[in-house]
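Taking it in order: structure first as structure tokens, then the write-up.
Each value in this text was obtained by applying a stated rule to the coordinates, not by laboratory testing. A quick note: this is a predicted structure, and the numbers were derived from the prediction, not measured. Note that each Cβ is placed from the backbone with ideal geometry, even for glycine, and that neighbours are counted across all protein chains shown.
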């Protein structure tokens, strides 16, 4: 439901998040909800990102029915291929709740 776009690095700063949700995602309510959920997942898991890293996520269609746990799984799925061999190593479990 999300796609990673244009990761970049800066020296010695905190990680930053950029969000893109076009009208293709849905109406204003759906776009804002998608951005809120992704911001919250980013806030909860800032340890997944290196200091000074800038990431931009593009929301895709189909995010209207997601909850926070779904967004966390999506985020981990998008980031894991990008992190192959990255210094962050393995990702922590997204949610201890059994689905």
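Put in order of Cβ neighbour count within 10 Å, fewest first, the listed residues 31, 39 become 39, 31.
The label point for residue 16 and the one for residue 50, both projected 7 Å from the Cα toward the Cβ, are 1.7 nm apart.
Dividing the Cα radius of gyration of region 2-80 by its Kirkwood radius returns 0.97 for Rg/Rh.
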